[in-house]
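Below is one structure, written out as structure tokens; comments come after it.
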Amino acid sequence: MPDDVKRFAKDRYGSMSGLAREMGISPQHLHAYLSGAKTWGATFTNKLQAAGYTRALENLDSNSVVKEEFDSNCLKSSAFPDIRRACQLLRCTADDIAQSVGAPRSSGISWIEGQSRPSYDQLVMLYHQVLALAIHSCEVREAQVSHPKKAVG
């Protein structure tokens, strides 16, 4: 795909610098996206489409759009995951949750106190853990209903 964009830039704008100027970014930023040093997100893709490159959405990693939206919204709002509730559901401490998603154990308390926030990737991992627990709980309940214990007596 970077080669397609480079051809597009040369054909339509005469150079990569011309495309970067049209997109309102520096040539260095454009190079960083095309070399893979920066991840394509919705903002970059929209600018690329506005410049006339129509294949941008075909190759966009949808997860990067979600991540960019998440990062942007967390910076703009007070949206904050309910780590306390996750602790109750998973029956563990905030420090345990932090460690289970690859963060330092001490991060759990700072998440609860609002001093910091889990990253997007950490929240995805936490979501998957809670979802797996919910599925397991449903399976256990179904098994208990299907095969009730016989009364002893």
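Observations on the model:
- Sequence of Val145, Val5, Val130 once ranked by neighbouring C-beta atoms within 10 Å, starting from the fewest: Val145, Val130, Val5
- Distance between the pseudo-spin-label points of Leu89 and Gln144 (7 Å out from Cα toward the beta carbon): 1.9 nm.
- Net charge over other residues, Cβ less than 12 angstrom from the Cβ of Ile109 (K, R count +1; D, E count -1): -1
- Modelled this way, with points 7 Å down the Cα-to-C-beta line, the labels at Ser137 and Ser26 are 5.0 nm from one another.
Laboratory data are not the source of any read-out in this text; all were calculated from the coordinates shown. Since the model is a prediction, treat every value here as computed from it, not as a measurement. Cβ: placed from backbone, ideal geometry, glycine included. Neighbour counts: every protein chain shown.
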